[in-house]
Amino acid sequence: MALLLMVGCGGNGNSNEGDVPSPTTTITGANVPSTTLSGTVATGAALAGIVSVKDSADPAATKVVTIGTGGRYQVDVSGMTPPFLLRAEGTFQGRSVVIHSVAGQADIGGTINITPLTDLILSNASGQLAEAFFDGYVPETHAPLLTPALLASAREALEARFAVMVDSLGLEGEVDLLRTPFDADHTGLDALLDVLELRLKTDAEGNPTTIYQIVNVVTGEVLEDDLTDPADVGAFTEAGSLEEGALAASAILELFGSYEAVFEGALPSAENGKLGTLEALVADTYQDAGKDKATWVSDQAGEVHRVDMAIEELSIKSMDLAATPRTAEVFCKIRQGHYLARERFTLAEEDGSWKFYGNQKAYHAGVVALSKYELYDDSFSGGMLFYIEGNTTEIFKATVSGPGIVEGPDTVLTDSRQWLYGYPLAYEKLVATDDPLFSDGAEYTLTLSMNDGSTEIETIILEKAPLSQDYVLGRRDDFFVGPTAPELSYNMYDGGDIRFAWTQPSRTQFESVNMIVGIDSYSETFKDIVYSPRYSSNPEWVKSPFTITGSFCADAHWLFSDSEGRLYLTYGFALWGDCGP
């Protein structure tokens, strides 16, 4: 498992006949033939999978080998024409990983590694994503970009950006990110891979750009690498404890592996012996949004969507190795069938082991991109949803500030939207048109005035900005429940069921659906019924038995999320019944 996360999901390394050659047996050993390329394939830990090598003949030829123990590969390139493009494909954390490298004539018989950093070298040399360059490689057009001088320039520029980190590892001699041999053992160059995270930025339509954010998770320092800008040369200014961070990262991955295993085949229980295993993964001092260890373990042990789950795209966002206890913030996706949820975890080291720790507060605050479509007047708005969950009784007032926010009375989080989103306190920042101030990674500040007169400050990050209004509206059926009545069905009668169904938007995952039914709407006997089966994949709502005792007004709304955690709310008003003027 690895922490350096790359975006990649494409090509399959086609040969000149259009078919992928069958993988050959990987050669291992100390004596490397003079007709081969060999090295380590790693993203912080060794990658299992295949390596494809594409040459510069016309038409291009491709060879494929399997990756061996410890991430080692070796491929015979005799009869092939340099320069060579290399692609490693494997699986990590339940998702496909695709990374690249490059080699020339002088590299035959030597070491060429394949890592996210060699992928960056090729990306910078070509001025585009390495995956796209590999897929579209035409030797006559593109080989001139791969001369030894140009590759050396791209490599040296990237190495200069990491110089302070490489120096801190105490490696002897010159370090060449393409060619220096290393083992995938969380030391040396592998430690560097462990503590770096690459995040490919997306545009207003969710498409990948050519700009990477490179994060040192030990220090939190962030660089941007624009593949199209050779003058983009900013460097890291501090390293932090890289090898300590690498060991912590390895232990954190083991924690999540154990967490995943606890739910294999069944929920943990005293009878199957897994409940004690789950409890051992949680710090005794656990607290998160008001839940202590016993409550969290009990909740987890009853969460059916954890059974046979797959933890995907695990990302260590930050570490604090100077704190007591040492802590880390981790995000991941948890998948089980149709269920997909983005989760955040605060971890801490307790008695030498990393465990689930919680945020050590009675509440949790956050922000998420929100797009809202209102059925009753065919209107759209987009922006952000700020929220506070957990025990909020001690919060007198919560105010948000940051990019795109004009401070004033409307920036106060209130409980008026609790029925809509399920959070005790929430605030919508919605606009009718695209707001350029909404951006990936934007920081916002929540100022919390407590009942005891104290003030607490929370800094929260907008992970993904809203998609553009034009893009979402142009693909409305991909994100929102359709606006026409025939798409909904219901059956209401005294003593019977209330039921309706909907169509799942194609680019979303299920979050929740609520139905609000007001009975005797204009009298003191007004009553709300709210039903919210979170993360259910069944597109039907049933409440039984249901008795209508007077006039009624039915209202429903659907809340979905996409794979990046953005929310999409379809809000229906007065769908059925007598809702008055």
For the range 218-230, pairs from a residue that is more than 22 Å from Ala322 (Cα to Cα) and touching a residue at least 12 places away in the same chain (Cβ under 8 Å) to a residue that is part of a strand (DSSP E or B) and polar (S, T, N, Q), with Cβ under 6 Å and 6 or more apart or across chains, are Glu224/Gln213; Leu227/Thr210; Thr228/Thr210
So is Ser298 polar (S, T, N, Q), part of a strand (DSSP E or B) and surrounded by fewer than 17 Cβ atoms within 10 Å (Cβ to Cβ) or not?
no
List every residue pair whose Cβ atoms sit under 7 Å apart, with the two residues 6 or more apart in sequence or on different chains, where the first one lies in the range 45-70 and is under 17 Å from Gly104 (Cβ atoms) and the second, anywhere, is open to solvent by 30 Å² or more (accessible area, probe 1.4 Å) and of a type in the set (Lys, Arg).
Val53/Lys63
Selection from the range 238-263 of residues that are in a loop (DSSP other than H, G, I, E, B) and either open to solvent by less than 50 Å² (accessible area, probe 1.4 Å) or at pLDDT 95 or above (or both):
Ala239, Gly240, Phe263
Elements of type helices (runs of 4 or more DSSP H) in the range 117-197, at least 3 residues being open to solvent by 10 Å² or more (accessible area, probe 1.4 Å) and touching a Ser or Thr at 6+ places or on another chain (Cβ under 6 Å):
none
Might you let me know whether the range 94-104 holds any residue that is modelled with pLDDT under 95, over 24 Å from Glu254 (Cα atoms), touching a Ser or Thr at 6+ places or on another chain (Cβ under 6 Å) and open to solvent by less than 50 Å² (accessible area, probe 1.4 Å)?
no
Tally the residues that are within 28 Å of Ser371 (Cα to Cα) and either among the hydroxyl-bearing types (Ser, Thr, Tyr) or touching a residue at least 60 places away in the same chain (Cβ under 8 Å) (or both), restricting the search to the range 189-217.
13
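Residues are listed down the side, and each one gets a yes or a no for (1) within 24 Å of Ser561 (Cβ to Cβ); (2) modelled with pLDDT of 80 or more; (3) crowded, with 21+ Cβ neighbours inside 10 Å:
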site	(1), (2), (3)
Glu350	no, yes, no
Trp354	no, yes, yes
Leu375	yes, no, yes
Phe386	yes, yes, yes
Gly390	yes, yes, no
Gly404	yes, no, no
Gly408	no, no, no
Tyr421	yes, no, yes
Any chance you could count how many residues in the range 199-232 are over 16 Å from Glu564 (Cβ atoms) and surrounded by 15 or more Cβ atoms within 10 Å (Cβ to Cβ)?
15
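The values are calculated or read from the model by the stated rules, or taken from the named source; none is laboratory data. Since the model is a prediction, treat every value here as computed from it, not as a measurement. Cβ atoms come from the backbone with ideal geometry, glycine included; neighbour counts cover every protein chain shown. Quick note on the areas: whole protein, heavy atoms, side chains included, nothing else; ligands and nucleic acids left out. Shrake-Rupley method; radii C 1.70, N 1.55, O 1.52, S 1.80 Å.
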